[in-house]
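Here's the structure we're looking at; comments come further down.
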Amino acid sequence: MPKLSDPLRPVVGDKAAKRLAGLGTGLRTVGDLLSYYPRRYETRGDLTELAGLRDGEHVTVQAMIAAVSTRPMRNRRGSILEAVVTDGHGSLTLTFFGKGRQDWRERQLAPGLYGLFSGQVSTFRDKRQLAHPEYELIGVGAGDSARAAEFASELIPIYPASKDIASWQIADSVRLALASVEIDSDPLPAQIRDKHRLYGYARALTAIHRPEDMRDKSRAELRLKWDEAFMLQVVLAQRRRVSTEYIALPRAPVEAGLLGEFDRGLPFELTAGQQQAGSTISADLAQAHPMHRLLQGEVGSGKTVVALRAMLQVVDAAGQAALLAPTEVLAQQHQRSISQMLGPLAMAGQLGGAEHATRVALLTGSQGSAARRRALLEAASGGAGIVIGTHALLEEHVQFADLGLIVIDEQHRFGVEQREALRGKAAEGRPHVLVMTATPIPRTVAMTVFGDLEVTELTELPAGRSAIATHVVPTAEKPHYLDRTWQRVTEEVAAGRQAYVVCPRIAGDSDAAGDSEAAGRAGTRAGHGAGGFAEDDGLRLAEDGGFDLGDLGETEQPRRPALAVTEVAADLKHGPLAGLRLGVLHGRLGPDEKDKVMLAFADGQVDVLVTTTVVEVGVDVPNATMMVVMDADRFGVSQLHQLRGRVGRGGHPGLCLLVTEAPAGPARDRLDAVAATQDGFALSRLDLEQRREGDVLGAAQAGRRSSLKLLTLLKDEELIGQARQEAEELIGADPALATQPALAAAIATLLDPERAEFLEKA
Ligand code: ADP
Ligand code: MG
């Protein structure tokens, strides 16, 4: 009897095997085929009443093919194939136009077959028809007894089919495979099956393909989802375990250190969440193995202070901390604001410096050579307790005296490989790692996508934050609203405040934006994370107009190019904002220039900053209270939320206007959703729901055998949580899976060599 790992050919025959090999990522083994699940199920014999169809309706009908014929076109090359389908009373004509002959289709649409046909109903010469319908053939009514039995079953499985093989042909092969396969082991441990009352593996495979009823199908699906969730979590639990086996220098808090003094001088109270996160991290740092923690926070929740306090604890314990920022703008801003927050505490060796004071160094790729040499020396000598930088920190010649903690701001742009590069810089053991997200994501997604990290969340905002009122400005219907928008900007400036105008592109002449950060980033994408679960760009949305969520599935016509910073700035300067001091910021400016513009804006020398999404992450200018986002529909939901987090940071209420030409529809609905809520977790959920699961998990899975077929990270949160707990318990008791050979084997099949190699590296 064939096993799941055996080839399909002897089971289904040459012809079917060849066609199946062309399906999906290639079905080659019996197990491949049995893991090729139906897309949906049709209820038997629910033939659609064809008489009831109305012109213009988009319908899917279940019907039997009664006749088929092909004739050449009269005035052109090509042919017209007509198939008549029936529900027993009425009939409907399916029309297919072909460039050549359509023999293959004529053979496929054989009279007597039942099928599902979908398309738009129209009437031509008094005949109801569907022109070029999509169809799936599901079996025959009489004649072939096996197929008749299939058709007589309550639920008909409908498989994702191809031009070469129809759904019912796949079902035929599945039937053959199910009838002969021997399934003698179960990857899911028996005690988990019992505890959660799950089907055994063989039963689940049978029921997913040939369910007795919907309940049977649901139980099969639940069991198979467990397989996916559990194996994923076992791999992640193993990774987390491996990392706890590494050694790190413990950095316990000390009395009378910088941290205590910093806390005493804080101009505000820490939120409960900041305190909670702070003590968790503090305890982590005191351990003799490296912390791997993800700090998720709502935009503006105050992650920086939490990170800074962790860095001070490490400095107090005679170590150094590195803060890795995704852009130069952000690195510079961190350096300024951290130096300012620390005051005398960061003025070691200077007049007015505090007693155990340290120093803050900045290292970026574009620094002048003198500044750079100084920073390198500060890092290598240990003179700087805190070293802030961009990717330049990752370079090989950057050395630290005693690197104890790495903080990575706005995670998405750094991948596993970058973290690895920094980890290698600790003198002894490994440094502790704290990762901060730019955009909060649902917890199960975080736990899975960043599966090797423990997750901490900051959900509340500091008290006294003003709300950010957000409105959509639909210029297609209400062009005069745009004038009103610029008038509002003028009023805001007259009241002594500042504004951002954000555009999706840099310059009118470029089709791809190529902001330098964006360009730099392309080379820094993480290849893939655990088991191919990427943790880098999967969650990252549009940047500077190169691509955007708006393009997902809803573009019919080519759109005009997105608005560009340089053009909009010129228009505003000579038009509605004439007389205001405008600044221009984007990634193509030189670093000095960028810094100058940012400083001038922070300083109040610039009223309105026209910019790309360089301001998206972390930029903090409290006097900026208004943001106008041009072509807002070209940005992702989470990104808009992140962007508007730049305003309303001081005591004044923020205002964000989302300008769009998009007509009412899905694109506008997304903007309305942003306007309606300030809950970043809810918005990121919305964002993720619109993406395919593979995108959620990350680009690394593209083109490979996907390990998630039934499980969805967003809808199966509870199951994933349970699976994670079970996996932790199992790995705690049996790290090498010695007692679970079937599970170990299933996981080995799941992880292809490339993935396995990566796991070893990490
Ligand atoms: P994010 O989490 O988005 O990175 P930041 O760390 O930039 O947020 O913090 C945003 C602003 O809130 C900063 O100006 C910071 O000084 C301020 N802030 C942080 N924590 C508090 C607090 N507990 N009370 C008041 N203001 C705070
Ligand atoms: Mg931040």
Inset, instruction - Inspect all residues belonging to the range 299-319 and state whether any of them is at pLDDT below 95, over 24 Å from GLY650 (Cα atoms), touching an Asp or Glu at 6+ places or on another chain (Cβ under 6 Å) and more than 10 Å from ligand 1 (Cβ to nearest atom). - result: no
Inset, instruction - Report, by residue number, each residue of the range 592-647 that is acidic (Asp, Glu), closer than 27 Å to GLU689 by Cβ and within 16 Å of ligand 2 (Cβ to nearest atom). - result: GLU616
Legend entry - Top-ranked residue in the range 252-266 [being among the small types (Gly, Ala, Ser) and in a helix (DSSP H, G or I); ranked as nearest to ligand 1 (Cβ to nearest atom)]: GLY265
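Determine which member of the set GLY273, GLY265, GLY297 is within 12 Å of ligand 2 (Cβ to nearest atom) and of a type outside the set (D, E, K, R).
On inspection, the qualifying residue turns out to be GLY297.
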Legend entry - Subset of the range 587-618 [in contact with a strand residue (DSSP E or B) (Cβ under 7 Å, 6 or more places away or on another chain), surrounded by 23 or more Cβ atoms within 10 Å (Cβ to Cβ), at pLDDT below 90 and not hydrophobic (A, V, I, L, M, F, W, C)]: THR613
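How many residues are open to solvent by 10 Å² or more (accessible area, probe 1.4 Å) and at pLDDT 90 or above if we restrict to the range 229-246?
Residues meeting the conditions: 1.
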Legend entry - Criterion violated by LEU249 - all others in (1) within 16 Å of ligand 1 (Cβ to nearest atom); (2) open to solvent by 10 Å² or more (accessible area, probe 1.4 Å) satisfied: (1)
Inset, instruction - Output the residues belonging to the range 253-266 that are among the hydrophobic types (A, V, I, L, M, F, W, C) and surrounded by fewer than 13 Cβ atoms within 10 Å (Cβ to Cβ). - result: ALA256, LEU266
Inset, instruction - Read through the list (1) within 16 Å of ligand 1 (Cβ to nearest atom); (2) open to solvent by less than 60 Å² (accessible area, probe 1.4 Å), then give the number of the only condition that GLU269 fails. - result: (2)
Inset, instruction - Give just the number: which of (1) of a type outside the set (A, V, I, L, M); (2) in contact with a strand residue (DSSP E or B) (Cβ under 8 Å, 6 or more places away or on another chain); (3) part of a helix (DSSP H, G or I); (4) modelled with pLDDT under 95 does THR280 not satisfy? - result: (4)
Inset, instruction - Just need a number here: residues in the range 325-344 that are more than 20 Å from LYS303 (Cα to Cα) and in contact (Cβ under 8 Å) with a residue 24 or more places away in the chain. - result: 0
Inset, instruction - Name the single residue, out of those in the range 173-189 being in a helix (DSSP H, G or I) and open to solvent by less than 30 Å² (accessible area, probe 1.4 Å), that is nearest to LEU109 (Cα to Cα). - result: SER173
Inset, instruction - Go through the range 640-668 and give me each residue that's open to solvent by 20 Å² or more (accessible area, probe 1.4 Å) and under 20 Å from the mean Cα position of the chain (by Cα). - result: PRO666
Legend entry - Failed item in (1) part of a helix (DSSP H, G or I); (2) small (Gly, Ala, Ser); (3) more than 16 Å from ligand 1 (Cβ to nearest atom); (4) at pLDDT 95 or above, with ALA371 passing the rest: (4)
Legend entry - All helices (runs of 4 or more DSSP H) inside the range 1-111 with 2 or more residues being in contact (Cβ under 8 Å) with a residue 60 or more places away in the chain: 9-12, 14-21, 30-34
Legend entry - Where ARG197 falls short, out of the listed (1) touching a Pro at 6+ places or on another chain (Cβ under 7 Å); (2) at pLDDT 95 or above: (1)
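The values are calculated or read from the model by the stated rules, or taken from the named source; none is laboratory data. Please read all numbers here as calculations on a predicted model, not as lab measurements. Counting neighbours? That spans all protein chains shown, and the Cβs are built from the backbone with ideal geometry, glycine included. When the accessible area is computed, the model is the full protein with side chains, heavy atoms only, and any ligands, DNA or RNA have been set aside. Shrake-Rupley method; radii C 1.70, N 1.55, O 1.52, S 1.80 Å.
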